[in-house]
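Visitor: What follows is a structure written as C-alpha cells; I'll ask about it next.
The values are calculated or read from the model by the stated rules, or taken from the named source; none is laboratory data. All values reported here derive from a predicted model rather than from experimental measurement. Cβ: placed from backbone, ideal geometry, glycine included. Neighbour counts: every protein chain shown. When the accessible area is computed, the model is the full protein with side chains, heavy atoms only, and any ligands, DNA or RNA have been set aside. Shrake-Rupley method; radii C 1.70, N 1.55, O 1.52, S 1.80 Å.
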Amino acid sequence: MLNRIKMIQRLINVTGAKNYLEIGVNNGACFLRVRAQNKVGVDPAFTIAKGRKLKYFIKNPTNIQNRYFEQTSDDFFAEQRGFLRAEKPQIVLVDGLHTYEQSLRDVLNSLAVLDNGGVILMHDCNPLTEAAAYPADSIDHAKAELSGYDGIWNGDVWKAVVHLRSLHPDLEVFVLDCDHGVGFVRRRIPIRDGLSLSEEEIRNLSYDDLIQHRTRFLNLKPCDYFEQFLDEVRRGRLAAEAA
C-alpha cells in the first residue's frame, strides 16, 4: 500500500535528491527507513529507541551520517540558517505538531530554504473523523479532551492546505487520499484554481465545512495520481538537465 515513506523514497530516487529534511521525527518510524545521502531530523523530543537505531544502521547504512536537531522546528529554522543555505533540502516531510498554525509555518519555513525543484510533503492532511480533526494544541491535549481516543489525531493540518491553496497561487498544492492524507507542495507558475478564502475565513472553518467541500478544499486526488505527479517531476528534471 502506498504511504508517505514509499512516496518520499521514490521522489528521492527519481530526482536524485541528496538532502532530506524531516520535521517531526518522533520515534524514527519514517526517518530511519528513508535512504538518502544526507538526512536531517528535527524534533523537540526524540523517542528513538537505541535498539531501533542500531537495527536501521544495519538495514540502512545511510543512517550513519544522520544529523539530529533536538529543538522545535521554529528554533531550528531560526538558528540553522547557515547550515540550511549550505545544504538546501530537496525533499522535506512536515509531520510535526498537527496544528494549522504550526504546520503552515513549517511549510513556509521549508519553502524559504528549499532547493530549486524541491518537493514538500505534509502528513495528516485528510482527517476522516471529527475526533481525528480536533483542533488541540498537542497530542496530549487531544487525548485529554477526546473521550474514547482511538490513537488517531490529525489535528487541523487540513486548514494549512486550504491556506496555501487560497493565499499562495505560486504553489502547486494537492492531497493524496491515503495514509491519513499526504499533501504535496512545490513551486509553479502563479495560477488561480478557484480557491480564494481569506485567512479569517480559513480560521473559522469547521469540520462540517471540510465534509461538505473535502475534494475542493484539499484538491484531493486518488492515490494513483502519484504516478502522474512522479512522471511530471521526472520530466521536469530531464528538461532542467537538458537546458
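Visitor: Just how much of Lys53 is accessible, in Å², when a 1.4 Å probe is used and the result is rounded to the nearest 10?
Guide: Rounded to the nearest 10, that gives 70 Å².
Visitor: Compare Gln71, Gln228, Gln37 in a GNM of the chain, Cα atoms joined below 10 Å, and give the one with the largest fluctuation.
Guide: Gln228
Visitor: Met122's amide H: which non-local residues (gap 5+, or another chain) put their own amide H closer than 5 Å, with H modeled 1.01 Å from N in plane and none for Pro or chain starts?
Guide: Close amide H contacts, sequence-distant or interchain: Val94, Gly183, Phe184.
Visitor: I would also like to ask the following. For the chain, with the dipole built from +1 on Lys and Arg beta-carbon atoms and -1 on Asp and Glu ones, taken about the Cα centre, which of Leu111, Cys125, Cys30 lies farthest toward the positive end?
Guide: Cys30
Visitor: Moving to a separate point now. Take the solvent-accessible surface of the protein heavy atoms, probe 1.4 Å, and return the percent of it on the chain that carbon and sulfur atoms account for.
Guide: 51
Visitor: List, in order, the whole-Hz ³J(HN,Hα) value for each residue of the range 71-77 obtained from phi through the Karplus relation with A = 6.51, B = -1.76, C = 1.60 and θ = phi - 60°; use x for Gly and Pro.
Guide: Each residue of the range 71-77 in turn: 7, 5, 5, 4, 5, 4, 5 Hz.
Visitor: For the chain, what does -39500 (n - 2.57) per DSSP helix run (n ≥ 4), summed and divided by total residues, give at 222 nm, in deg cm²/dmol to the nearest 500?
Guide: Taking each H run of at least 4 residues, the total per residue is -12500 deg cm²/dmol.
Visitor: Averaging sequence separations of C-alpha pairs under 8 Å and six or more residues apart, then dividing by the length of the range 96-243, give the relative contact order as a whole percent.
Guide: 25
Visitor: When the chain is treated as a GNM, springs tying every alpha-carbon pair under 10 Å, which of Asp43, Asp177, Asp224 comes out with the largest mean-square fluctuation?
Guide: Sorting by GNM fluctuation, first place goes to Asp224.
Visitor: Restrict the search to the range 92-173; then list the GluC sites (Glu not before Pro) that DSSP places in a loop and that have at most 14 other Cβ atoms within 10 Å of their Cβ.
Guide: Glu130
Visitor: Turning to a different aspect of this structure: So, for the chain, what is the accessible surface per residue at a probe of 1.4 Å, expressed in square angstrom?
Guide: 49
Visitor: Using a cut-off of under 14 Å, list every residue of the range 69-101 whose amide N is near the label point 7 Å from the Cα of Lys53 along the Cα-to-beta-carbon line.
Guide: So the set is 69-70.
Visitor: Give the lysines whose C-alpha is closer than 18 Å to that of Lys88, dropping any in the same chain fewer than 8 places away, or say none.
Guide: Lys18, Lys39
Visitor: Ok, one more. If you average the C-alpha positions of the range 108-160 and of the range 44-74 separately, how far apart do those two centres end up, in angstrom?
Guide: Centre-to-centre distance over Cα atoms comes out at 22 Å.
Visitor: If you compute semi-axes √(5λ) of the Cα gyration tensor in Å for the structure shown, which of (i) 30, 19, 18; (ii) 26, 23, 17; (iii) 24, 21, 18 do you land on?
Guide: The calculated read-out lines up with (ii).
Visitor: Additional query: Springs between alpha-carbon atoms under 10 Å, Gaussian network over the chain: tell me which of Asn19, Asn60, Asn204 tops the mean-square fluctuations.
Guide: Asn204
Visitor: While we're here: Out of Phe217, Phe229, Tyr207, whose Cα points farthest toward the positive end of the dipole of the range 193-233 (charges: +1 Lys, Arg; -1 Asp, Glu; placed on Cβ)?
Guide: Tyr207
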